[in-house]
Ligand SMILES: Cc1cc2nc3c(=O)[nH]c(=O)nc-3n(C[C@H](O)[C@H](O)[C@H](O)COP(=O)(O)OP(=O)(O)OC[C@H]3O[C@@H](n4cnc5c(N)ncnc54)[C@H](O)[C@@H]3O)c2cc1C
């Protein structure tokens, strides 16, 4: 089975600090790690390769230093790594990011049977990328998967949704986004990282390699603009009210009137 895993390098959450004036993440001096759910996706891919054979390719779009994340993926056991990097990709929103990733996946030979993504990242956390790649490539998609079984030319996957366990049969090729419960992640073998740096190659693709235009990628190709960022106000303490249903309703109505959510007239029978 040909599997592609999309991985993203994110700031290591415990070391993240905010520039409160500019309302941006301070990236200088902050350690970067592979997004935790992308380790799960990689592990699932490696386990599937072990069961049914094939190849695991990892891909990331990011600045040149994201190569470190790909080297780590090679050290864990991926067969090939592709870095999509170009100054034109900077400032991308999720639409522009998934467009570049989809274009790169489309160019892979052979085309993958399965594309795996994490369900969301620990930094931007939108959960957009997987579904948008699937949409661009015209692939069926299942999000939030926590079990994968290969059955002939299909997959049978399970996911928790609103407290129910869905079992879904999906035809290949397909895109899945995965959750934490899918499988435990293996430790990096001793010395493997060093070997991945000295003996393995990372392929680099730029905007020209992907035949993309500047207005399709990065800031120019982004459909969203950040107008304002603010830290949410801390939530006040809750209020516990006791009494008969009538007392509680009257109390609630008075509070809603005080907040101008309800007119005095609305509360009258
Ligand atoms: C207007 C705007 C401007 C932005 N400008 C910048 C900027 O200048 N610099 C910047 O760093 N970010 C910027 N971002 C954030 C950037 O768009 C997101 O980090 C990126 O699109 C991924 O979104 P996400 O982290 O929410 O991914 P999610 O959808 O939560 O990620 C789910 C999964 O998709 C895959 N995935 C996500 N991103 C990648 C990737 N890059 N490569 C491979 N696989 C991936 C992984 O498997 C991941 O687990 C901007 C966002 C907006 C809205």
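None of 179, 174, 122, 224 is at pLDDT below 95, within 16 Å of the ligand (Cβ to nearest atom) and closer than 23 Å to residue 78 by Cα except 122. Within the bounds of segment 67-88, is there any residue that is exposed (fewer than 14 other Cβ atoms within 10 Å of the Cβ) and modelled with pLDDT under 95? No. Of all the listed residues (115, 100), the sole one being within 19 Å of the chain's Cα centre (by Cα), at pLDDT 95 or above, within 10 Å of the ligand (Cβ to nearest atom) and not in a strand (DSSP E or B) is 100. Taken over segment 28-66, residues that are closer than 24 Å to residue 107 by Cα, surrounded by fewer than 19 Cβ atoms within 10 Å (Cβ to Cβ) and within 10 Å of the ligand (Cβ to nearest atom) amount to 1. Where strands (runs of 3 or more DSSP E) sit wholly within segment 157-206, those with at least 2 residues that are over 19 Å from the mean Cα position of the chain (by Cα) and more than 14 Å from residue 39 (Cα to Cα) occupy 164-171, 203-205.
For segment 81-94, the tally of residues that are near the ligand (Cβ under 8 Å from one of its atoms) and more than 15 Å from residue 66 (Cβ to Cβ) stands at 3.
The values are calculated or read from the model by the stated rules, or taken from the named source; none is laboratory data. Worth saying up front: this structure is predicted, and the values here are computed from it rather than measured. Cβ atoms come from the backbone with ideal geometry, glycine included; neighbour counts cover every protein chain shown.
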